[in-house]
Amino acid sequence: MNTEARSPAFNYQFNENDQEFSLFGSFRPQKIDELADCINSLEASISNVTGNFYLNVKRLVRMNNVAFHAIAKRIVKTSGDRPDLKIHVTTSSVLGWSTRKFSTLAKIAPNITINEYDNEFYPGQSFLEDGGFIPILRTQTKLTWRHEKSILPRHGLKPGMHVADICCGIGDFAVLMQKEFQPGRLIALDHSKSSLNYARKVAEDFGVRGIEYVYGDASEMLLEDNQFDFVTCRHSLQVFDRPDLILKELYRICKPGGRVYITNEKNSHCLGEPRSETIQRTYNEVARLWDHFNMDIELGPKSRRYLLEAGFSDISIESFMVTNLDGNPQDFADIIQSWKDVYAGQMAVERGDSVEDIKILKQGFQDHIFAALHPKGYAGWPIWAASGQKPQ
């Protein structure tokens, strides 16, 4: 459940992925009744979390005593009613008053802690594997989950199923599936030990039980045949030079009658307005860049063919567009910035691109960010979701 609301002075948002309730803007109500919707949303958010709950006030510019006492009262009450819940309040070093104000709560209850934000902080972060890419991966999942939690049932996912999430990465998608669909069994497999360590920590922090984390190569998994009712593999086939080998393994571990669900992109269809021409030019070049390294970021629409060639039947395929309107536009802009850093950085350099070519490539990303943040702009990132059934 991701909720967001706005008023002329302030807004608030709950992010289910991070179990984080954020306050933005200027909270200066004259009467407590003005905060009724916000308080109700806060209480509803708390009721849906386990393990750790994050209250993020680092973008709270102003807050009067009426608002502080209303929020503080709920947090302190929760700390007493839910001693099992660890409550983390994230303040900002830029706004020193917020640290001073909220630090009083930590003196009242032992399960409340205050974390002052600086540019190195991220809740639950225990390592940085790719130059700080973990927060971006979590943001990507947050934006795609808005779509996928309604898409997955259409592709056959039901509560109680035995599920495998292959190439699970940092594990946030597996956590969301566990919470939303409550599978009878859930295995999350990845080839990166550091990513799995992070995934275990996320599940532990949020009090999520029942996920089995497995280290392994997706092209040669040490999992038995015909084990799972539903197998997921997201944004991964496009990274491998032999996606057919991965699909062969996904087919093998899937039960007869079960389904395999995959998501992939077609990056050249990323769009933005204004500045559409430079944006289009850059993403066309990104497709060529990936191809240079034997990866296919255009794989999305090809998913049906790949599933059929792997032996699956009853293919379902659909596309959805992640946009700057799916929550906070800054989240979308942050994702684009991460692409710019990686694609127009290390990858373009390793391909041998000239300084001028890299400058042109970067400009398209920058224009996409401009479109995402423009008050009248629109920016999109298309994703294809497809699934196939293993014949009985």
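The table that follows gives values for the structure above.
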| item | result |
| --- | --- |
| Whole-number accessible area per residue in Å² for the chain, which is evaluated in the context of all protein chains at 1.4 Å | 44 |
| Once the Cα gyration tensor of region 239-392 is diagonalised, semi-axes √(5λ) in Å | 32, 19, 11 |
| Under 21 Å from residue 73, Cα to Cα: lysines that are on another chain or at least 8 residues apart | 31, 58, 86, 101, 107 |
| Taking all pairs of distinct alpha-carbon atoms in region 250-308, Kirkwood radius in angstrom | 13.4 |
| Mean projected area (nm²) of the alpha-carbon convex hull when region 38-104 is viewed from all directions | 4.4 |
| Proximal charge balance of residue 151 [Cβ under 13 Å; K/R count +1, D/E count -1] | +2 |
| Over region 194-280: Rg over Rh, Cα atoms, Kirkwood Rh | 1.10 |
| Relative packing of peptides 70-83, 365-378 - highest average C-beta neighbours within 10 Å first | 365-378, 70-83 |
| Using a Förster distance of 25 Å, the FRET efficiency for residue 212-residue 192 (Cβ separation, nearest 0.05) | 0.90 |
| At q = 0.26 Å⁻¹, base-10 log of I(q)/I(0) for region 278-333 (Debye sum, equal scatterers on each alpha carbon) | -1.02 |
| Rg(Cα) / (2.2 N^0.38 Å) computed for region 24-74, rounded to two decimals | 1.16 |
| Average Cα contact separation per residue, region 314-392, under 8 Å, 6 or more apart, as relative contact order % | 56 |
| For q = 0.10, 0.11, 0.13 Å⁻¹, Debye-computed log10 I/I(0) when each Cα of the chain counts as one equal scatterer | -0.72, -0.86, -1.15 |
| Carbon plus sulfur fraction of accessible area for the chain, probe 1.4 Å, in percent | 50 |
| Peptides 336-342, 30-36, 110-116 ordered by average Cβ neighbours within 10 Å, highest first | 336-342, 110-116, 30-36 |
| Computed accessible area, residue 97, all protein chains, 1.4 angstrom probe, square angstrom | 60 |
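The values are calculated or read from the model by the stated rules, or taken from the named source; none is laboratory data. Values in this document were obtained by computation on a predicted structure and should not be read as measured data. Note that we place each Cβ from the backbone using ideal geometry, even for glycine, and neighbour counts take in every protein chain shown. Note: areas computed on protein heavy atoms with side chains; ligands, DNA, RNA excluded. Shrake-Rupley method; radii C 1.70, N 1.55, O 1.52, S 1.80 Å.
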